[in-house]
Amino acid sequence: MEKFTVLDGLVAPLDRPNVDTDAIIPKQFLKSIKRSGFGPNLFDEWRYLDHGEPGMDNSKRPLNPNFVLNQPRYRGAQILLARENFGCGSSREHAPWALTDFGFRAIVAPSYADIFFNNSFKNGLLPVIMPAAVVDRLFLEAEAMPGFRLTIDLPRQVVVIPGGQEFRFEVDAFRKHNMVEGLDEIGLTLKQSDTIRAFEERHRAAQPWLFV
Amino acid sequence: MQPQTLYDKLWSSHVVSEDADGTALLYIDRHLVHEVTSPQAFEGLKLAGRRPWRIDSVVATADHNTPTRDWDQGIRDPISRTQVETLDANIREYGAKAYFPFLDARQGIVHVIGPEQGATLPGMTVVCGDSHTSTHGAFAALAFGIGTSEVEHVLATQTLNMKKAKSMLVRVDGALRAGVTAKDVVLAVIGRIGTAGGTGCAIEFAGSVIRGLSMEGRMTLCNMAIEAGARAGMVAADDTTIEYVRGRNFAPKGDHWDRAVAYWRTLKSDEGAIFDKTVVLNGGDIAPQVTWGTSPEMVGSVEGNVPDPARIEDPVKRASLERALHYMGLQPNTPITEIRIDKVFIGSCTNSRIEDLRAAATVVRGRQVAAGVKLAMVVPGSGLVKRQAESEGLDRVFRDAGFEWREPGCSMCLAMNDDRLEPGERCASTSNRNFEGRQGAGGRTHLVSPAMAAAAAIAGRFVDVRKIL
């Protein structure tokens with residue numbers, strides 16, 4: 001996994017609550033057996049005016065000019081500003097894969113759905129939780145100020161707005177450590193193989209029917 | 001010892017180790033696998049040169065991409081076919097406790113066949129790369145959906161790194177009125193607490209209404225815990241649970257059965273156990289539910305009207321409501337019973353079990369699908385459900401009424417195969433999500449119970465099923 005330390009990035013505001021993972025990456029694109037290549041179909045139904053299917057040349061499809069990510073001022077955005085319950089619905093990890101493939105490295109929102117939140121950390125996509133009032137203010141500023149950027153400092157757990165004001169955010173120590181160091185979580189867990197094996201033996205003794 | 005919740009018991013019996021910040025390594029008993037969220041996990045395993053930790057924890061099937069008719073022609077979409085064949089190849093290479101591939105008589109929706117085979121047992125931790133894994137919590141199991149990285153983590157280590165969730169009790173007291181089902185209960189719960197109401201929580205459903213539900217009903221309930229934001233939903237074990245499991249393919253046998261039952265009887269929250277949140281509903285107040293928007297929380301009684309955004313003060317909520325009604329093509333204040341439908345879908349991991357098909361058939365028997373309905377389809381949850389329904393003559397009831405009787409799979413719940421809504425089409429659906437485009441780009445989904453979907457098929461619009469039973 002790519003390390004995440006300090007990100008200074010352009011902000012794109014997506015002003016809708018309850019953005020679900022079907023909207024982030026529609027089902028027809030889940031047929032891929034790869035982890036990459038989902039970026040061109042991120043928010044496909046909102047982003048294009050026609051119906052997208054796998055295998056289409058996306059560069060030739062008609063864009064929806066009203067959709068925020070199609071506006072030239074947000075080109076190259078690395079931070080998605082979003083509303084509450086972002087990423088609800090399906091467990092598809094294709095959602096964070098599509099967001100990172102598009103170029104996002106972080107999201108700032110008041111809340112996330114649990115599975116999406118979890119999946120994001122596994123893919124170097126940092127979901128920052130900010131109070132709703134701060135998010136409201138960031139929406140106003142991002143929309144009013146072309147080129148609005150934020151600095152997200154994961155080691156210090158702060159979001160820095162233009163002018164230098166800092167907002168602290170909370171993040172699990174375990175997840176933070178893995179992300180800052182870019183660790184392979186499976187490799188880390190396998191260091192506990194003996195402990196897992198010992199647990200498994202106790203578990204088998206208590207509930208042998210689980211191991212038949 | 002302090003009284004424990006069911007969730008406390010399931011959690012603590014699976015903790016391998018715990019670090020200082022409260023992150024636990026949790027042992028996983030059952031790993032359900034399907035074709036959509038597993039290929040990248042198997043590939044990751046292979047690239048890292050790792051072997052599965054305990055492959056006999058895996059029960060696999062192909063369900064999301066599989067067609068529901070013309071099985072003799074195979075899977076025509078080449079990309080879908082590749083995904084299903086990739087699962088075939090991965091199971092060939094690594095093995096599994098059981099695999100029910102496309103065309104197998106026991107194939108079906110992963111959340112239907114797990115319990116059906118007795119592969120889901122009380123006291124287990126059950127995971128799957130699918131958010132509706134919460135279904136299996138109906139068996140007093142800790143069951144939750146995971147992403148593909150976690151699928152790979154479970155394959156390689158049999159564990160997951162997790163923090164314990166908060167606990168939420170949803171108690172439904174009293175009794176349900178005739179024609180009101182588990183689907184209506186869970187939609188009413190989501191209407192009350194919202195789609196993020198259970199975020200960060202594991203929900204236990206309890207109370208006299210829940211005790212009175214069959215296992216099929218409890219599965220419907222727990223299935224949609226995720227639509228309330230909770231990764232896991234669960235119901236305490238009782239006689240209903242044990243009788244359902246008894247004699248199933250992978251259920252414990254002989255001495256193991258008696259020991260297992262003795263343990264399973266302890267899988268309930270202790271008297272006086274403390275929950276972080278409690279929500280109480282009166283079952284007698286719940287009417288048949290119909291969603292009218294683009295989120296499961298946008299739901300109400302069939303006796304009600306489409307809400308009016310003009311009456312909402314919060315500008316973000318008002319805009320969200322206006323957007324939903326625009327997408328759904330609905331005018332404010334329209335009575336729900338005046339909404340006409342184009343298609344009917346009875347199926348999905350929420351409502352495709354035998355009891356669901358019986359409930360729908362009861363409404364349909366001797367009647368005809370309305371002329372304005374373009375397609376009414378029944379997609380059984382598994383090959384075994386289909387066979388059972390056929391042995392009871394339910395397929396004739398549906399076919400005689402003008403329904404299509406299909407092969408099992410996820411089908412039009414998420415429209416990864418050919419079953420889908422066209423833009424603007426309106427569907428009465430027994431599935432679990434009414435998101436924009438969920439059943440096909442531009443499609444309009446109304447979530448209802450099987451009996452309500454059947455009634456809508458007959459009337460061509462939503463009707464209160466209690467008036468025609």
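Yes or no: segment B:215-225 includes at least one residue that is more than 14 Å from chain A (Cβ to nearest Cβ), open to solvent by 20 Å² or more (accessible area, probe 1.4 Å) and in contact with a helix residue (DSSP H, G or I) (Cβ under 9 Å, 6 or more places away or on another chain). Looking through segment B:215-225, at least one residue is more than 14 Å from chain A (Cβ to nearest Cβ), open to solvent by 20 Å² or more (accessible area, probe 1.4 Å) and in contact with a helix residue (DSSP H, G or I) (Cβ under 9 Å, 6 or more places away or on another chain). Please indicate, with yes or no, whether at least one residue in segment B:292-308 is within 26 Å of the chain's Cα centre (by Cα) and open to solvent by 50 Å² or more (accessible area, probe 1.4 Å). Within segment B:292-308, one or more residues are within 26 Å of the chain's Cα centre (by Cα) and open to solvent by 50 Å² or more (accessible area, probe 1.4 Å). One residue alone among B:Ala165, B:Ala206, B:Ala105 is out of contact with any Gly (no Cβ under 9 Å at 6 or more places or on another chain), farther than 30 Å from B:Lys467 by Cβ and surrounded by fewer than 24 Cβ atoms within 10 Å (Cβ to Cβ), and that residue is B:Ala206. Candidates are the residues of segment B:54-74 that are within 11 Å of chain A (Cβ to nearest Cβ) and crowded, with 21+ Cβ neighbours inside 10 Å; the one that is farthest from B:His31 (Cα to Cα) is B:Asn65. The set of residues from segment B:421-469 being more than 14 Å from every other protein chain (Cβ to nearest Cβ) and acidic (Asp, Glu) comprises just one member, B:Asp464.
Across segment B:75-89, not a single residue is classified as under 23 Å from B:Gln388 (Cβ atoms), touching a residue at least 12 places away in the same chain (Cβ under 8 Å) and open to solvent by 30 Å² or more (accessible area, probe 1.4 Å).
I'd like to know if segment A:57-64 contains one or more residues that are open to solvent by less than 20 Å² (accessible area, probe 1.4 Å) and not in a loop (DSSP other than H, G, I, E, B). Checked segment A:57-64: no residue is open to solvent by less than 20 Å² (accessible area, probe 1.4 Å) and not in a loop (DSSP other than H, G, I, E, B). Does B:Ala455 count as of a type in the set (A, V, I, L, M, F, W, C), more than 18 Å from B:Glu227 (Cβ to Cβ) and part of a helix (DSSP H, G or I)? Yes; evaluated as a whole, the condition is true for this residue.
So which residues in segment A:34-44 are surrounded by fewer than 18 Cβ atoms within 10 Å (Cβ to Cβ) and either in a helix (DSSP H, G or I) or of a type in the set (A, V, I, L, M) (or both), if there are any at all? Result: A:Gly39, single match.
Looking only at segment A:104-122, residues that are surrounded by fewer than 20 Cβ atoms within 10 Å (Cβ to Cβ) and within 14 Å of chain B (Cβ to nearest Cβ) come to 1 in all. Closer than 22 Å to A:Arg92 by Cβ and modelled with pLDDT of 95 or more - does that describe any residue in segment B:165-176? Yes, segment B:165-176 contains a residue that is closer than 22 Å to A:Arg92 by Cβ and modelled with pLDDT of 95 or more.
Looking only at residues in segment A:158-210 that are loosely packed, with under 15 Cβ neighbours inside 10 Å and in contact with a helix residue (DSSP H, G or I) (Cβ under 7 Å, 6 or more places away or on another chain), which one is farthest from the other protein chains (Cβ to nearest Cβ)? Filtering segment A:158-210 for residues that are loosely packed, with under 15 Cβ neighbours inside 10 Å and in contact with a helix residue (DSSP H, G or I) (Cβ under 7 Å, 6 or more places away or on another chain), the one farthest from the other protein chains (Cβ to nearest Cβ) comes out as A:Arg204. Taken as a whole, the structure places B:Ser352 among residues that are part of a loop (DSSP other than H, G, I, E, B), open to solvent by less than 30 Å² (accessible area, probe 1.4 Å) and more than 14 Å from chain A (Cβ to nearest Cβ). Could you list all residues from segment B:95-137 that are more than 12 Å from chain A (Cβ to nearest Cβ), of a type in the set (Ser, Thr, Tyr) and either touching a residue at least 60 places away in the same chain (Cβ under 8 Å) or on the phi > 0 side of the Ramachandran plot (or both)? Matches in segment B:95-137: B:Thr135 only. Contact map, segment B:258-285: first residue closer than 14 Å to B:Lys166 by Cβ, second residue assigned to a loop (DSSP other than H, G, I, E, B), Cβ cut-off under 6 Å, separation 6 or more or different chains; pairs are B:Ala273/B:Pro3; B:Ala273/B:Gln4; B:Ala273/B:Thr5. Within segment B:267-314, the residues that satisfy the criterion of being assigned to a helix (DSSP H, G or I) and more than 14 Å from B:Arg192 (Cβ to Cβ) are B:Gly284, B:Pro309, B:Ala310, B:Arg311.
Between A:Asp101, A:Asp22, the distinction of being over 22 Å from A:Ala142 (Cβ atoms), open to solvent by 30 Å² or more (accessible area, probe 1.4 Å), in contact with a Gly (Cβ under 9 Å, 6 or more places away or on another chain) and not in a loop (DSSP other than H, G, I, E, B) belongs to A:Asp101 only. Within segment B:363-372, can one find any residue that is out of contact with any helix residue (DSSP H, G or I) (no Cβ under 8 Å at 6 or more places or on another chain) and either open to solvent by less than 10 Å² (accessible area, probe 1.4 Å) or not in a loop (DSSP other than H, G, I, E, B) (or both)? Looking for residues that are out of contact with any helix residue (DSSP H, G or I) (no Cβ under 8 Å at 6 or more places or on another chain) and either open to solvent by less than 10 Å² (accessible area, probe 1.4 Å) or not in a loop (DSSP other than H, G, I, E, B) (or both), one finds none in segment B:363-372, hence no. A:Asp50 satisfies every condition listed in (1) closer than 17 Å to B:Ala441 by Cα; (2) surrounded by 15 or more Cβ atoms within 10 Å (Cβ to Cβ) except (2).
The values are calculated or read from the model by the stated rules, or taken from the named source; none is laboratory data. From a predicted model like this one, the values you see are computed outputs, not experimental measurements. So basically every Cβ, Gly included, is an ideal-geometry build from the backbone, and we count neighbours across all protein chains shown. Side chains included, ligands, DNA and RNA excluded: accessible areas come from the protein's heavy atoms. Shrake-Rupley method; radii C 1.70, N 1.55, O 1.52, S 1.80 Å.
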